[in-house]
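Reading through the structure tokens given below for one structure.
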Amino acid sequence: MSRKIITSFVCCWLLVAASVYGQQIVLFEKNNLADWDFHVIDKDVKVEDVFSFTADGRLLCTGLPYGYLATKESYKNFKLTLEWRWPGEVTNSGIFLKITDMPANCFLPKSIEVQLRHKDVGDMYGFHGRTIRESAERLLVFENHPVIGNFMGVMKIRDAELLPPEWNTMEILCVDNLIVVVVNGRIVNWTTGAEAIEGRIGFQSEGSPIEFRNAVVTRLP
């Protein structure tokens with residue numbers, strides 16, 4: 001049996017177990033931006049200029065300027081589920097995991113990003129020295145980036161993205177060194193080389209309007 005098949009089987013088992021056990025936290029339940037930390041480089045920009053909640057519990061993001069909204073709570077072992085869609089132009093965004101530092105002069109935190117960029121949904125990147133590793137054929141190392149210097153990424157194994165106006169569903173499982181990404185019911189990526197640390201979760205503004213809804217964190221042992 002191939003390593004890919006074995007890994008997929010283990011990932012599926014963990015995702016099922018995570019759905020049964022654990023404490024659930026509904027991230028958008030209060031619809032209150034004061035419950036979040038907001039980061040952009042330009043300190044004159046207010047959170048309500050970029051993010052807002054609707055009456056039915058959606059988080060709206062304008063996409064500009066670049067930045068993110070981060071939970072105040074930190075999480076280590078958990079499953080995150082969410083939905084997203086593009087109301088217009090399909091461009092770029094992402095979900096940040098394990099945020100431990102938010103550099104003042106950069107729109108990207110020290111974190112692992114799960115990519116939402118069109119055609120790259122499910123790719124993962126480790127920013128500002130955050131370690132993320134996998135087999136050589138899917139690991140990319142980037143050097144001398146003008147904004148964040150050296151960083152690394154793990155590329156997805158398949159596409160599962162739906163185009164507008166459809167809603168996409170993503171499940172992200174973080175257990176110690178393992179991160180699994182599921183898009184619309186299909187495993188699209190994993191890494192067994194993430195740092196086993198806790199950190200905050202973030203929703204990115206990077207390009208054009210995007211909507212999020214039904215974001216739920218299930219804490220795991």
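Odds and ends about this structure:
- Summed residue charge, Cβ within 15 Å of Leu163's Cβ, Lys/Arg positive, Asp/Glu negative: -4
- Full-stretch length increase - Leu163, Thr91 - with 0.36 nm per residue and alpha-carbon distance subtracted: 24.8 nm
- About its Cα centre, the chain has a charge dipole of approximately 620 debye under the convention of +1 per Lys or Arg Cβ and -1 per Asp or Glu Cβ, with nothing else charged.
- Separation between Cα centres of the range 37-83 and the range 150-210, rounded to whole Å: 16
- Cross-link partners of Lys79 among lysines, defined as those whose alpha carbon lies under 18 angstrom from its own and excluding same-chain residues fewer than eight positions apart: Lys98.
- Only helices enter the 222 nm calculation for the chain: every DSSP H run of n ≥ 4 contributes -39,500 (n - 2.57), and dividing by all residues gives -3000 deg cm²/dmol, rounded to 500.
- If you run the Gaussian network model on the chain, springs between alpha carbon atoms under 10 Å, then out of Ile25, Ile95, Ile172 the most flexible one is Ile25.
- In order through the range 213-221: 3J(HN,Hα) via Karplus (6.51 cos²θ - 1.76 cosθ + 1.60), integer Hz, x for Gly, Pro: 7, 6, 8, 9, 9, 10, 6, 10, x
- Options Leu108, Thr218, Ser135, ranked by Cα towards positive dipole end of the chain, top entry (Cβ charges): Ser135
- The chain: most fluctuating residue of Ala55, Ala194, Ala34 per GNM, C-alpha cutoff 10 Å: Ala55
- Normalised alpha carbon radius of gyration of the range 101-194 [divisor 2.2 N^0.38 Å]: 1.10
- Estimated translational D of the chain in µm²/s (Stokes, Kirkwood radius over Cα pairs; 37 °C; 0.692 mPa s): 188
- Listed residues Val121, Leu178, Leu69: farthest to the positive end of the dipole of the chain (Cβ charges): Leu178
Only the coordinates and a few stated rules stand behind these numbers; no lab work does. This is a predicted model, so every value here is computed, not measured. Using ideal geometry, Cβ is built from the backbone for each residue, glycine included, and neighbour counts are taken over all protein chains shown.
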